[in-house]
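For reference, the structure discussed in these notes is given below.
The values are calculated or read from the model by the stated rules, or taken from the named source; none is laboratory data. In this text, all values refer to a predicted model and were calculated from it rather than measured experimentally. In this analysis, Cβ positions are derived from the backbone assuming ideal geometry, glycine residues included, and neighbour counts consider all displayed protein chains. For accessibility, only protein heavy atoms count, side chains too; no ligands or nucleic acids. Shrake-Rupley method; radii C 1.70, N 1.55, O 1.52, S 1.80 Å.
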Amino acid sequence: MNAKTQYRLNYRLTAADLEVVLALVRTGKLAEAGERLALDASTVFRSIQKLEKGLGQRLFERSRTGYQANELAQELAMHAEQMEAQLEAARSAMQMQPDQVAGAVRITTTDTILHGLLAPVLKPLQLLHPLLSLDLHAGNELASLTRRDADIAIRASKRPPQHLIGKHLGPIRVALYAGKSSKIRHFDADIAQRHHWIAPDDALPEHPSVVWRRKHFPKLQATYKVNSILTVAELVGQGLGLGILPLFLAQGRKDVVQLSDVLDECQTELWLLTHTEARHLRRVSAVYSYLSQEMVLN
């Protein structure tokens, strides 16, 4: 047995070691890992150095972009996640009364769904469970539920990941809209050619609305390229051009008018998703159950 192997077998891995590895796997940055752990970046660096020396091998590859976890680091992070989930469950059980739900729940979704569907149902949830706090993240990228970057995801998808628990909330229907101030009240090929378009071409090139426009009007280019459907709605409302919007986002707005029937080709589905382990946490289960009833689309 060589010296490195002997050293690795003698090293006593601690819960603190796993916490540091998990934080750096999740963030890939010393400073960001330190923020999660309430430590400075130099302390995280020394901890990783000590751990790698004790194990006799590297856990991360260093580069200009950050720290890339190797296979061993990812395996240690998996065990750390299990430990984290068990600790959270134990703390929740100790701190809560039988009828109380408390703690933080992290929800990831898009800004469109956040403002159009989620925000309107949050106040009743807070009144129902006043000890809950919600960490809301809006972005086009899907935060990893497996790595516990989020507890719940609300996404538009035709095929949600099979390893997640999912609740189908209904169809997301869309139509073509113009600003009320534009005076446009109908849609045809001539209207399509003569007016500006607003679309998330570069940010969401596979979005159903982008695919539909390129199929039916292949020569048209968006004049305003934006990074979210919510921004499409805002610019359409200001009369800057035509845009395809979800009905739930456009309904109730007085600054847009619907030009087309529902575009069936653009329809996708709204899903409420969580991870198997997170689903058993009382606070996550309470929020998941509430949203599965209150966010249903018809």
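For segment 6-82, which fully contained helices (runs of 4 or more DSSP H) count at least 1 residues that are under 24 Å from the mean Cα position of the chain (by Cα) and not acidic (Asp, Glu)? Don't jump to the end; show me each part of the working.
Details: elements: 15-27, 30-37, 41-55.
Filter on segment 6-82 gives 15-27, 30-37.
Can you pull out every residue in segment 52-87 that is among the hydrophobic types (A, V, I, L, M, F, W, C) and without any contact (Cβ under 8 Å) to a residue 40 or more places away in the chain? If you could, list the steps in order and put the result at the bottom.
Our first condition is that a residue be among the hydrophobic types (A, V, I, L, M, F, W, C); within segment 52-87, this holds for 55, 59-60, 69, 72-73, 76-78, 80, 83, 85, 87.
Matches in segment 52-87: Leu59, Phe60, Leu72, Met78, Leu87.
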Qualifying residue in segment 105-121 (condition: assigned to a helix (DSSP H, G or I) and over 23 Å from the mean Cα position of the chain (by Cα)): no
In segment 30-56, the residues that are open to solvent by 70 Å² or more (accessible area, probe 1.4 Å) and either hydrophobic (A, V, I, L, M, F, W, C) or over 15 Å from Ala77 (Cα atoms) (or both): Glu32, Glu35, Ala38, Leu39, Asp40, Phe45, Arg46, Gln49, Lys50, Lys53
Residues of segment 189-216 satisfying the condition of being within 14 Å of Leu259 (Cβ to Cβ), open to solvent by less than 40 Å² (accessible area, probe 1.4 Å) and without any contact (Cβ under 8 Å) to a residue 40 or more places away in the chain: Arg213
